[in-house]
Amino acid sequence: MKKTKLISALILAAFVCFIFTSCGQTEKDMEPKSAEYDLQNIADSIETAEGFEPQIGIVLGSGLHPIADEVEVVQVIPYDEIPVFPDSTVAGHEGRYILGYLEGVPVILMDGRVHYYEGYTMEEVVTPVRIMAKMGVKTVILTNASGSMREELAPGDLVCINDHISSFIPNPLIGQNDDELGERFVDMSEAYDPHLRSIAHEAARELGMELKDGVYMQVTGPTYETPAEARAYASFGADIVGMSTVCETIALRHMGVNVLGISCVTNYCPNVVREGTSHEEVQEMADKAGGGMVKLVRLTVKKIGEERAAE
């Protein structure tokens, strides 16, 4: 009984905290969009190589830059060369699109993402993935680094995201709906495409790798979790936690884009191991596990490409 009351109290406290911390930002996110920030205007300002039509988008999380080295590059577009475009301020995030071929498949890489904790609105945070969709991609692979709230998900493990919890961040679809992007109310019962997940697991088996499954929770950051927060998140059903991905998934599903999410566990949260965490340590572990992620993403992209070519 005491444990049940404690969990209920934690849930209520977390919900109240979310309401108070997000209301101001939600009001900002609901402000009318300026004409210059129109997504189509941004997309039209980007000149891509003639004849290049990307099929798959890949978002590179912390420490996962080596995937970019595997691409046969056609074009590089720095974010700071795109008008009214958000630019990453976080170490380890380059801030550029890379267009090219991976395993013969035309792809566009988002080499560095922007985060809500950097001070951007949610509209700005999801702009880079929305622009990829505007460029024609119908499938996006989102990668990230995460903290584990389960002993069985250890640092260095790769996790295929099978669901998420978005309750602790402002929803990127709050505000006036853009009917040209998608419908007002979006079904999220299969936010992470089951078929894409099966392809990723098949690729992992062929590589002799273990790809685990888990529920990902996004929080605003930039602080890491306290022991009490980690216990509360685990009680909600979250397996891993991070500061990205969920808002991007929502924005992409709104536009009808299929999503595959793969997370690299970089540390245990303090509900499992009472040790401090630093950004440097997270990057170091992501770098160590990056080789496995590169192999997995490469083979997954190849399989998706082969499947589409056979259609």
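Scan region 263-289 for residues that are under 25 Å from V71 (Cβ atoms) and either surrounded by fewer than 21 Cβ atoms within 10 Å (Cβ to Cβ) or among the basic types (K, R) (or both) and report the count.
6
Sort through E225, E210 and tell me the only one that's under 26 Å from L299 (Cα atoms), among the acidic types (D, E) and more than 18 Å from the chain's Cα centre (by Cα).
From the options E225, E210, the qualifying one is E210.
Provide a single number: the residues in region 284-311 that are assigned to a helix (DSSP H, G or I), at pLDDT below 90 and either more than 20 Å from I141 (Cα to Cα) or basic (K, R) (or both).
Residues that pass the stated criteria total 4.
Using the structure shown, decide if I46 is of a type in the set (A, V, I, L, M, F, W, C) and touching a residue at least 40 places away in the same chain (Cβ under 8 Å).
The answer is yes for I46.
Going by the structure shown, is I250 part of a helix (DSSP H, G or I) and at pLDDT 95 or above?
Yes; evaluated as a whole, the condition is true for this residue.
What are the residues in region 117-150 that are under 21 Å from A204 (Cβ atoms) and part of a loop (DSSP other than H, G, I, E, B), if any?
Scanning region 117-150 gives a single hit, R150.
Identify all residues within region 170-204 that are in contact (Cβ under 8 Å) with a residue 12 or more places away in the chain, assigned to a loop (DSSP other than H, G, I, E, B) and either in contact with a strand residue (DSSP E or B) (Cβ under 8 Å, 6 or more places away or on another chain) or of a type in the set (S, T, N, Q) (or both); write none if there are none.
N171, Q176, A191, Y192, D193
What single numbered condition from (1) small (G, A, S); (2) at pLDDT below 95; (3) more than 14 Å from T143 (Cα to Cα) fails to hold for A228?
(2)
Looking only at residues in region 234-262 that are among the β-branched types (V, I, T) and at negative phi, which one is surrounded by the fewest Cβ atoms within 10 Å (Cβ to Cβ)?
V257
Any residue at all in region 172-189 that's within 30 Å of L39 (Cα to Cα) and basic (K, R)?
Yes: one or more hits.
How many of the residues making up region 243-269 are more than 18 Å from L296 (Cβ to Cβ) and under 13 Å from the mean Cα position of the chain (by Cα)?
10
Name the residues in region 86-107 that are under 18 Å from the mean Cα position of the chain (by Cα), surrounded by 18 or more Cβ atoms within 10 Å (Cβ to Cβ) and either at pLDDT 85 or above or hydroxyl-bearing (S, T, Y) (or both), would you?
Passing the criteria: P86, S88, G95, R96, Y97, I98, V107.
Could you say whether any residue in region 122-135 is closer than 21 Å to V74 by Cβ, touching a Lys or Arg at 6+ places or on another chain (Cβ under 7 Å), among the small types (G, A, S) and surrounded by 18 or more Cβ atoms within 10 Å (Cβ to Cβ)?
no
Any idea which residue in region 174-222 is surrounded by the most Cβ atoms within 10 Å (Cβ to Cβ), counting only those that are out of contact with any helix residue (DSSP H, G or I) (no Cβ under 8 Å at 6 or more places or on another chain) and small (G, A, S)?
If we take residues in region 174-222 being out of contact with any helix residue (DSSP H, G or I) (no Cβ under 8 Å at 6 or more places or on another chain) and small (G, A, S), then G214 is surrounded by the most Cβ atoms within 10 Å (Cβ to Cβ).
Pull up region 156-173, narrow it to residues that are surrounded by fewer than 20 Cβ atoms within 10 Å (Cβ to Cβ) and at pLDDT below 95, then point me to the one that is nearest to I108 (Cα to Cα).
Looking at residues that are surrounded by fewer than 20 Cβ atoms within 10 Å (Cβ to Cβ) and at pLDDT below 95, I get G156.
The values are calculated or read from the model by the stated rules, or taken from the named source; none is laboratory data. Computed from a prediction, not measured in an experiment: that's the story for all the values here. Here the Cβ is made from the backbone with ideal geometry for all residues, glycine too, and neighbour counts use every protein chain on show.
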